[in-house]
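Just so it is clear, none of the values below were taken in a lab; they were calculated from the coordinates. No experiment lies behind these values; they were computed from the predicted model shown. In this analysis, Cβ positions are derived from the backbone assuming ideal geometry, glycine residues included, and neighbour counts consider all displayed protein chains.
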Amino acid sequence: MSSFYDILFSVVIAVIIILVGYLIGRLMKYLIESSLKRTGFDNWLKKFTIGRALDKAGYSASEFFALVTSWFLYAFFILLGFEYIFINLNLGYFSSLILTIMKVYLWGLAKVIIIVIPGFILVDSFVGYIYSTSEIREEEIILSPIAEYLRILLYIVIVIFALDRSGMEVQVLESAMSPIIWGLTAVMIIVSVSIIISRMFKSNKSS
């Protein structure tokens, strides 16, 4: 059984670890936010859906990424502090629990963010390219439902892939998303066909 001094020593070291983590988190937050602002990253990300969503939520891109990074560091060092206590006091069950949280949830969430954000940017770029291929207004109207359908579909694929890479179970999510995808497909087809038919009627009337 651990003595009072062992417990006290472990707690003191854990507090020091957490305080160091807090300082590192604050420093990284400042460095990331200031660096991204200087590079014009905020304005660049506003070209994409995720940047506009952050702007509507009241965050600039630099603030968001700096904040997320700092909170990840805070969480990591807090867990590391508790991990030190549990290891030092020979509490193997709680130590393994902390390691699982760090590996599965904390690192898993980090992987989701790392995959989803660049993935969404690539999807927006691809959809933007589809729109740019339409030379006239009528072509853009016809392409619009197809492009937006692809955007939503690819978003879903990226999210599922990211969750799978993070180690989370996605079988239930995939099953739940299947009818939604089919529904989106049906809506896209109906809208596209209705637009084409409407254009055909208008062209016949004008002729």
*With point charges of +1 on the Cβ of Lys and Arg and -1 on the Cβ of Asp and Glu, referenced to the Cα centre of region 1-146, which listed residue (Thr100, Ser70, Asn90) lies farthest in the positive direction of the dipole?*
Asn90
_Cα centroid separation, region 47-100 to region 110-130 (Å)_ = 22 Å
*Classify region 1-90: rounded, prolate or oblate, from the alpha-carbon gyration tensor (a ≥ b ≥ c, eigenvalue square roots; a/c under 1.5 rounded; otherwise prolate if a/b is larger than b/c)?*
prolate
*What nm value, rounded to one decimal, do you get for the distance between Val104 and Tyr30 when each label is placed 7 Å out toward the C-beta?*
3.8 nm
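Under 15 Å between alpha carbons: how many lysine pairs meet that in region 1-90, if sequence neighbours fewer than 8 apart on the same chain are excluded?
For region 1-90, qualifying lysine pairs total 4.
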*Net +/- balance of residues flanking Thr39 in space, Cβ distance below 15 Å, scoring K and R +1, D and E -1*: +1
_If R₀ is 22 angstrom, what is the calculated FRET efficiency for the pair Leu91 and Ile16, using the beta carbon separation as r and rounding to 0.05?_
0.70
